[in-house]
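The values are calculated or read from the model by the stated rules, or taken from the named source; none is laboratory data. Everything quoted here is computed from the prediction, not taken from an experiment. When we count neighbours, we look across all protein chains shown, and the Cβ atoms used for this are built from the backbone with ideal geometry, even at glycine. Keep in mind that these areas ignore ligands, DNA and RNA; they rest on the heavy atoms of the full protein, side chains included. Shrake-Rupley method; radii C 1.70, N 1.55, O 1.52, S 1.80 Å.
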Amino acid sequence: MKAIELQNIPPKGYFFKDFGEILQGKCKTDRLEDIIGAVSEINHIQSNTPGKKVVVSVVLKDLKGNCINCNLWEIYGSKFLAYYNDPKNNGAIVILLTHAMVKDGQVSNAWSGSKLLINEDIPEIQDFMSKLPTNEQKEKPTQSAKSLSNWSGGSQYSPVERFVHNAKCMSLSQFCKIKHETLCVTVATTLKFAVSKYGWFYYGCTRCSSKAPNPEKAYECSCGQKVEQPIPRYKIEIYVSNGESKYRFVFWDSKCAAILGMTAEFMHNSMVENGEDDPMVYPDELEMLGNCINCNLWEIYGSKFLAYYNDPKNNGAIVILLTHAMVKDGQVSNAWSGSKLLINEDIPEIQDFMSKLPTNEQKEKPTQSAKSLSNWSGDSQYSPVERFVHNAKCMSLSQFCKIKHETLCVTVATTLKFAVSKYGWFYYGCTRCSSKAPNPEKAYECSCGQKVEQPIPRYKIEIYVSNGESKYRFVFWDSKCAAILGMTAEFMHNSMVENGEDDPMVYPDELEMLDNCINCNLWEIYGSKFLAYYNDPKNNGAIVILLTHAMVKDGQVSNAWSGSKLLINEDIPEIQDFMSKLPTNEQKEKPTQSTKSLSNWSGGSQYSSVERFVHNAKCMSLSQFCKIKHETLCVTVATTLKFAVSKYGWFYYGCTRCSSKAPNPEKAYECSCGQKVEQPIPRYKIEIYVSNGESKYRFVFWDSKCAAILGMTAEFMHNSMVENGEDDPMVYPDELEMLLNN
């Protein structure tokens, strides 16, 4: 081996990923990217303790103002902290991270292969640093309030802890009287937005945060940036209080972006997509700037709270004091033992807190959300359902349905299918009780005393139920349906109207929760065994499976990796008994495959249908393939390039059964397939250029093939676009990009 000196070695080339694309999800998770950005804030630091690895989470900002989270693990986090805690290092921190992993709008170092460069003297970092606003070049990034622990090169305390240790503590009133720069700290609680006449954002420069003279015109900013289009930047005014005094604080762009984890531009664009462009409408995400947390009270703690809440003698605000609470993921809950719950008790801590609440809030009893649909009693360890079943008489379904007077009883049956009534799945009723409105379009006074300005939808769903021997028609009324579904009929109806559907005879998909169906995932040999049975032409009719030692998670079941046993229509009592109790027509019907079922197996081959097709087909070049004039068993290989935009766009209106085109998209008609079509539906017809590198041709991808690839129908995709205010077939939705580069 001989050492030689090579001349003119080219420098390392970097391909930096745009932060905007990361935030919009326009990047592949199986690719490693190069990242460069200025550290805006340190979000979180986890020290090297037993069972935990070092991780530093920082907010990176690009030159356009886009912010993303960057997680630096192990030696990468240690290297960053060593630099950050070195008192010699002041000013902005620009980091360059190679081969970064991108997921869910965040980046992190790869476990091996990444390289972390911090403020190094290389052209990329120096060029980025020079383009930062002058004031930002001099500012060292701060740590957020969430960053409570830290590693240190020369101290056991974090910058926040050192700041608080050295700063003068002031009351909020003193703090707000300061007229010169002071090292101090105050403690206060954010209360509510102080809505200004300009709303929650303003239009500013794309590099610094100065305001644009005109949000619709290009200009040159005082920082030197040539701004083609000013972008939204946060300016949020919030009332804060320490219980004694209340003041108005302004949260500016960089601080809000660091807390919220997204830029004002991104948040504004999201609102515009949903049809909202008014800066006076404050997005829900801004609620994070208030100090509210979820508290979960389990077992006797929850029972105690509900006993207090449901007592009609207890009105007004509720203040709770919970000792030894567990904190996780921004929420708190009681410990299983050791916690103590005090509710509005006469102790100084609670009374002092109550006295500092605004007067109107002291008088208001907290409300229950629509999702809060169950209730407990404080005088029992059992839930109402458990107490009911314990005391009730058990009856067969036929006995149950013959009852003519009020009886405490219980029966067991399975919901089968909807018994569609001529009125559909809801009726219009009173806004207080569930009685029916005399006219759904007129105001009236209900028998309960409520003055109803506008009647609201309420559930009335008729369902066939069976215990295997007999079948009956049950009515599920409003309160019961709302409790099962977790949403009111009014909310569900409004969602359908937003999607262009106002017919009560059209049953929303969410109502399927009222039947007893679950997903079962069969993996590996279990799936192969099922498909072998399903694809065997000798096997017809219903399929009953018995799966032992199944794993249950998130309302679904699946086989265990070892230990499960799968029996399909076998001659054993359990399966035969179940089969005999199915309705006669269902016993004869073989289950169908949904449009999402995109792959198929054979019971007599180790190859898939695609593999068998390719094995038997003739291979042709793309040019030969496109010259075929008669039906041929063949295959070609090519890559989809780009859409060939036709004058009709990406869809047409067609029959609801077959894919033939409707003569008029706005009129009912009878299709040649025999279907009576009330309203034609969108169906895919997408023209795409494909190439094998030598020649290029125009292919048409029809409805069923596109639906199989995309996993959704054209009707669903079109409705989603209409919800976002877009009804032009010439505007191609982003989801269609899946058809390209394949």
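With the structure loaded, tell me whether Val420 is closer than 29 Å to Lys402 by Cβ, in a loop (DSSP other than H, G, I, E, B) and touching a residue at least 12 places away in the same chain (Cβ under 8 Å) or whether it fails that test.
In short, yes.
Taking segment 83-97 as the search range and keeping residues that are over 15 Å from Gln143 (Cβ atoms) and modelled with pLDDT under 85, which one is farthest from the chain's Cα centre (by Cα)?
Out of the qualifying residues, it is Pro87.
May I ask you to list the residues in segment 524-577 that are among the basic types (Lys, Arg) and not in a loop (DSSP other than H, G, I, E, B)? Talk me through it step by step, then tell me what you get.
We begin by selecting, within segment 524-577, every residue among the basic types (Lys, Arg); these are 529, 538, 553, 565.
Passing the criteria: Lys529, Lys553.
Quick one: count up the residues across segment 172-183 that are open to solvent by less than 100 Å² (accessible area, probe 1.4 Å) and modelled with pLDDT under 75.
2
Pairs please, first residue from segment 201-216 and free of Cβ contacts under 8 Å to residues at least 24 places away in the same chain and among the hydroxyl-bearing types (Ser, Thr, Tyr), second anywhere and open to solvent by less than 50 Å² (accessible area, probe 1.4 Å) and part of a strand (DSSP E or B), Cβ atoms under 8 Å, 6+ apart in sequence or on different chains.
Ser210/Gly204
Among (1) modelled with pLDDT of 85 or more; (2) assigned to a loop (DSSP other than H, G, I, E, B); (3) closer than 15 Å to Pro591 by Cβ, which single condition is Cys517 missing?
So the condition that Cys517 fails would be (1).
Kindly evaluate Ile36 against the criterion of being out of contact with any Ser or Thr (no Cβ under 8 Å at 6 or more places or on another chain), in a strand (DSSP E or B) and open to solvent by 10 Å² or more (accessible area, probe 1.4 Å).
In short, yes.
Taking segment 641-655 only, how many residues are part of a loop (DSSP other than H, G, I, E, B) and surrounded by fewer than 20 Cβ atoms within 10 Å (Cβ to Cβ)?
6
Name the single residue, out of those in segment 200-251 being under 18 Å from Val281 (Cα atoms) and open to solvent by 20 Å² or more (accessible area, probe 1.4 Å), that is modelled with the lowest pLDDT.
Applying the filter and picking the extreme gives Tyr239.
Kindly provide the set of residues from segment 109-128 that are in contact (Cβ under 8 Å) with a residue 24 or more places away in the chain, surrounded by 13 or more Cβ atoms within 10 Å (Cβ to Cβ) and either among the aromatic types (Phe, Trp, Tyr) or closer than 17 Å to Asp62 by Cβ (or both), ordered by number.
Correct list: Ile118, Asn119, Glu124, Ile125, Phe128.
Sort through Ala668, Ala707, Ala662 and tell me the only one that's loosely packed, with under 14 Cβ neighbours inside 10 Å and either of a type in the set (Gly, Ala, Ser) or in contact with a Leu (Cβ under 9 Å, 6 or more places away or on another chain) (or both). Lay out the reasoning, then the answer.
Numbers: Ala707 fails: loosely packed, with under 14 Cβ neighbours inside 10 Å; Ala662 fails: loosely packed, with under 14 Cβ neighbours inside 10 Å.
Answer to the check: Ala668.
Filtering segment 540-597 down to residues that are of a type in the set (S, T, N, Q) and surrounded by 15 or more Cβ atoms within 10 Å (Cβ to Cβ), which residue is modelled with the highest pLDDT?
Residue satisfying both the conditions and the ranking: Asn569.
Got a sec? Which of Ala212, Ala194, Ala188 is among the aliphatic types (A, V, I, L, M) and touching a helix residue (DSSP H, G or I) at 6+ places or on another chain (Cβ under 7 Å)?
Values: Ala212 fails: touching a helix residue (DSSP H, G or I) at 6+ places or on another chain (Cβ under 7 Å); Ala194 fails: touching a helix residue (DSSP H, G or I) at 6+ places or on another chain (Cβ under 7 Å).
Only one candidate qualifies: Ala188.
From Glu715, Glu723, Glu694, grab the single residue that is exposed (fewer than 13 other Cβ atoms within 10 Å of the Cβ) and among the acidic types (Asp, Glu).
Matching residue, one of Glu715, Glu723, Glu694: Glu694.
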